[in-house]
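**Q** Below is the structure I would like to discuss, written out as structure tokens.
The values are calculated or read from the model by the stated rules, or taken from the named source; none is laboratory data. Just so you know, these numbers come straight off a predicted model, no measurement behind them. Here the Cβ positions follow ideal geometry from the backbone for every residue, glycine too, while neighbour counts run over all protein chains shown. Each accessible area value is taken on the protein alone, full model and side chains, heavy atoms only, with ligands, DNA and RNA left out. Shrake-Rupley method; radii C 1.70, N 1.55, O 1.52, S 1.80 Å.
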Amino acid sequence: MTLHLEDLCVRRLGECHYDSPFSEMLAAKQTSPHYVAEGDRVLLDDTVSMLAKHNLPPDQLPSFEAAGPRRKIYFDPAHVTAGIVTCGGLCPGLNNVIRGIVQELTVHYNVKRILGFRNGFRGLTAEHCNDTIELTPERVRDINNAGGTILGSSRGGQDADEMVDSLVLRGVNVLFVIGGDGSMRAATRLSAAIRARGLDIAVIGVPKTIDNDLPFTDQSFGFQSAFAQATEFISSVSTEAAASPDGIGIVKLMGRHSGFIACYASLALNTADMVLIPEVPFVLEGTDGLLARVEQHVRSKGFVVIVVAEGAGQDLLAERGLLQDATDASGNVKLGDIGALLRESITAHLTDVGLTPTVRYIDPSYAIRSVTANAYDSVYCLRLAHAAVHAAMAGRTETAVVRWRRRFVHVPMPLIISYRNQVDPDGDLWMSVLEATGHLLPTRTHETHRWLNQEPSRGGHQGACRSATKANC
């Protein structure tokens, strides 16, 4: 995707005429390694070669608007009613973001009325438009100590015009949408419906995804808490496998299309022998297949530990007729159970070759996303909440607040849903997984589904080897 400066400009409701409560503080600040002035921008690209390809002067390079407080704001805080909605699956830190938004609105902007819409966008439909709660600093004071969201959440599509009616009925000027790619798509449609009516309602997104698969952000909030929790399950299954004759430990982690949780959790603990992710196809049978590698590990080491993302190996399930032709309420295709296939296939193979496998299989799935945010994510969520409020009060709309290159920036909401962030098989993260697990299974391409047999490169590793395993390639 080639982006230009104009692609990264955020929408504004109009000129800002009101003095910001931060105006005096900002007057003395200067751009520094730790502060980006409101008129400055943050570069999209960060390497010399990438910048050189644009062949443009610095002020014309693709860049994001810096997030943070402004000297002038669009809304008169005395007349603002804010709304907050949490949508989609749970994620560590949702309550932290809610709490941060409420505190920032009330303490610094002196906004008097904040509504929490219950159960996702369903709370904005005509049927449920009264299903709201008043959010005050007292009500949200300790919610950061609990996982989940006090507002509830849901999936499914709602009519944009119907949701606009609910906002108008409630007098909402600013809506904060905390959710994933489906939520950002809905928020984009909602913004379009608001714009079509000529209404002054700002829609600000705080993107979240447990899979860390949203683009244009360094990392999704809650992700660190989730993969930290996942390491506990890997540790447990590793202990079980090591204590059993011919032990097999399998942990299936969340990751429909992206294997970030599996990669980071495996790196954090560094006890996994094999890591399987959606981005890197693998085969079961054959001399270089997964089953042969598992057998080799069990015979040499006595046990094996496998970490697999839920979206890995879906092609293998399709070949065996084990996929459903169904979708969930958000339109996501329902995945087959790769963990069950691995458990059954490995058990059968090892039994056939005369071993007596003891399989320990754990599927924690939802357990890793319902935990309380850790210290890192707590700070991250609070800073995102502050950035979201500043953006809204300055009249930005159809905009998401994210951290990019360690800076907080505004990203046009359509870009956040423009593609899915995935583990790059040629990138440094996957290389770290390969190094940590001890090297490398050959892989097959998506096009041919055949093994690649290349000579080892001069760098000492086999270029075709991409699925991670401690077995030698």
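**Q** What net charge is computed for the residues neighbouring His34, neighbours being all others with C-beta under 11 Å from the C-beta of His34, Lys and Arg scored +1, Asp and Glu -1? Provide the component values of the computation, followed by the final result.
**A** Details: positive: Lys29, Arg406, Arg407; negative: none.
The answer is +3.
**Q** At a 1.4 Å probe radius, carbon and sulfur cover how many percent of the accessible area of the chain? Kindly include the intermediate steps, with their values, before the conclusion.
**A** Numbers: 9710 of 20140 Å².
C and S fraction of accessible area: 48 percent.
**Q** To continue, here is another question. How much length would be gained if the chain were fully extended between Asp161 and Ala340, taking 0.36 nm per residue of separation minus their Cα-Cα distance, in nm to one decimal? Write down the numbers at each step before the final one.
**A** Details: separation 179, 0.36 × 179 = 64.44 nm, distance 4.33 nm.
That works out to 60.1 nm of additional length.
**Q** Here is a further query. At what distance in nm do the modelled label points of Asn270 and Ala192 sit from each other, each positioned 7 Å from its Cα along Cα→Cβ?
**A** Placing both labels 7 Å beyond Cα along the Cβ direction yields 4.9 nm.
**Q** For segment 374-444, which chymotrypsin sites (Phe, Trp or Tyr not before Pro) pass both filters: DSSP loop (anything but H, G, I, E, B) and at most 16 other C-beta atoms within 10 Å? Spell out each step's value before the answer.
**A** Values: sites: Tyr376, Tyr380, Trp404, Phe408, Tyr419, Trp430; in loops: Tyr419.
When the chymotrypsin sites (Phe, Trp or Tyr not before Pro) of segment 374-444 are filtered for loop state and at most 16 Cβ neighbours within 10 Å, Tyr419 remain.
**Q** Okay, next question. Select from segment 1-91 those GluC sites (Glu not before Pro) which occupy a DSSP coil region and have at most 14 other Cβ atoms within 10 Å, ordered by residue number. Mind dumping the intermediate values first?
**A** Working: sites: Glu6, Glu15, Glu24, Glu38, Glu65; in loops: Glu15, Glu38.
Sites meeting the loop and neighbour criteria: Glu15.
**Q** If you don't mind, there's one more thing I want to ask. May I ask you to derive the relative contact order of the chain, considering only C-alpha pairs under 8 Å and at least 6 residues apart, and to give it as an integer percent? Please list the in-between numbers first.
**A** On the way: 1065 pairs, mean separation 96.0, N = 473.
Relative contact order, the chain: 20 percent.
**Q** How large is the helix-only mean residue ellipticity at 222 nm for the chain, computed as the sum of -39500 (n - 2.57) over DSSP H runs with n ≥ 4, divided by its residue count, in deg cm²/dmol to the nearest 500? Intermediate results must be reported in sequence, preceding the final value.
**A** On the way: 14 runs with 149 residues, N = 473.
Roughly -9500 deg cm²/dmol at 222 nm, from the helical runs in the chain.
**Q** Could you tell me the distance between the Cα centroids of segment 311-325 and segment 200-221, to the nearest Å?
**A** Between the Cα centre of segment 311-325 and that of segment 200-221, the gap is 30 Å.
**Q** For His257, His17, His4, His410, write out the residues from largest to smallest accessible area, computed with a 1.4 angstrom probe and no ligands counted. Please list the in-between numbers first.
**A** Numbers: His257 65, His17 140, His4 95, His410 0 Å².
The ordering from most to least exposed comes out as His17, His4, His257, His410.
**Q** Under 20 Å Cα-Cα from Lys301, which aspartates and glutamates qualify once same-chain neighbours fewer than 8 residues away are excluded?
**A** Glu240, Asp246, Asp273, Asp288, Asp352, Glu435
**Q** Filter the GluC sites (Glu not before Pro) in segment 274-326 to those in DSSP coil with at most 14 other Cβ atoms within 10 Å of their Cβ, and list the result. Working shown, then result.
**A** Values: sites: Glu279, Glu285, Glu295, Glu310, Glu319; in loops: Glu279, Glu285, Glu310.
Sparse-neighbourhood loop GluC sites (Glu not before Pro): Glu285.
**Q** Could you check what % of the DSSP bridge pairs in the chain are antiparallel, to the nearest 5?
**A** Details: 27 of 59 bridges.
Counting DSSP beta bridges with both partners in the chain, the antiparallel share is about 45 percent.
**Q** Suppose the chain between Thr81 and Arg139 were pulled fully straight at 0.36 nm per residue; how much longer would it get relative to their current alpha carbon spacing?
**A** Values: separation 58, 0.36 × 58 = 20.88 nm, distance 1.70 nm.
Going from the current span to full extension adds 19.2 nm.
**Q** If you don't mind, another one. Candidates [x] -0.38, -0.59, -1.14; [y] -0.31, -0.53, -1.16; [z] -0.32, -0.58, -1.32; which is the computed log10 I(q)/I(0) by the Debye sum over Cα atoms at q = 0.06, 0.08, 0.13 Å⁻¹?
**A** Read-out from the structure maps to [y].
**Q** While we're here: So what is the accessible area of segment 85-133 per residue, in Å², with the probe set to 1.4 Å?
**A** Values: 1540 Å² over 49 residues.
Each residue of segment 85-133 exposes 31 Å² on average to a 1.4 Å probe.
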